[in-house]
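Each remark here refers to the structure printed beneath this line.
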């Protein structure tokens, strides 16, 4: 690490990680870097890339510098394995959590059940929901589980119990929080990406040509990761049926 000492430690993925939160953080760093000396912690040395407005280090490098634990921490936390190192750190060092997804159940599953660690999954559910959570984890081992439980048990309580404050991007997300009494909660709308100005004045026809898309054909877009909850398979089957019925797209 370089001197002088940082004033803010940010845990987040960064581009080229295929995460919208990575792009979000990269766009904020040049602005935050005008007034603060920032260190961004990414998952591994392979993810260390130069970023305007901040020094970027790996999680391993972070642990070599114990003084960093005394610097204010900001966690950009989402619901995918891109944020595994963010989740781990948020459980260890209190800081401000930007909770981009109110549900973290899928991340916890990937870190535990996805690696054959049923006991770890049970431990997290117990930490979030006590004996009831432990019982539900054990019932899942027996095959008693509904996908809706992922949303009924968002599994962010353990993180928020350790947080100094939480930021979400909508009133809906704020209403879903299982936050301890007294935890500061702020709704900060998502910023407008500076990249939108690159397309200012671009017509629909020109945009289609730039993307190599034919004119006059309907376009369906599913943003983010393809997950079962988005039911993309159902949409594809419906489109196949419509095509057999003569709809041209």
Quiz item: Rounded if a/c is under 1.5, else prolate if a/b beats b/c, else oblate: with a ≥ b ≥ c from the C-alpha gyration tensor eigenvalues square-rooted, which is the stretch 173-243?
Solution: oblate
Quiz item: Stretched out fully, how many nm does the piece from residue 206 to residue 55 gain, at 0.36 nm a residue minus the Cα gap?
Solution: 50.5 nm
Quiz item: Pick from 116, 165, 20: which is most flexible by mean-square fluctuation in a GNM of the chain where alpha carbon atoms under 10 Å apart are linked?
Solution: 116
Exercise. Looking at the stretch 8-194, send over the antiparallel percent of its DSSP beta bridges, to the nearest 5.
Key: 5
Quiz prompt | Relative exposure of 1, 153, judged by other C-beta atoms within 10 Å (fewest first) | solution = 1, 153
Self-check item: Simple spin-label estimate for residue 172 and residue 240 in nanometres, 7 Å along Cα-Cβ
Solution: 3.0
Quiz prompt | Chain lengthening between residue 151 and residue 84 when straightened (0.36 nm per residue, less Cα-Cα) | solution = 22.2 nm
Self-check item: Residue order, fewest to most surrounding Cβ atoms within 10 angstrom, among 178, 122, 215
Solution: 215, 178, 122
Quiz item: Once the Cβ-Cβ distance between residue 141 and residue 232 is put in as r, and R0 is 22 Å, what FRET efficiency do you end up with, to the nearest 0.05?
Solution: 0.15
Quiz item: FRET efficiency for residue 181 and residue 63, Cβ-Cβ distance as r, R0 = 41 Å, nearest 0.05?
Solution: 0.80
Quiz prompt | Gyration tensor (alpha-carbon) shape descriptor, the stretch 8-194, a/c threshold 1.5 | solution = prolate
Exercise. Starting with the fewest neighbours, write out 123, 66 ranked by other beta-carbon atoms found within 10 Å of each beta-carbon.
Key: 66, 123
Quiz item: Using a simple spin-label model with points 7 Å from Cα along the Cα→Cβ vector, what separation in nm is obtained for residue 164 and residue 35?
Solution: 1.6
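Rule-based calculations on the coordinates, nothing more; no lab input. Worth saying up front: this structure is predicted, and the values here are computed from it rather than measured. So basically every Cβ, Gly included, is an ideal-geometry build from the backbone, and we count neighbours across all protein chains shown.
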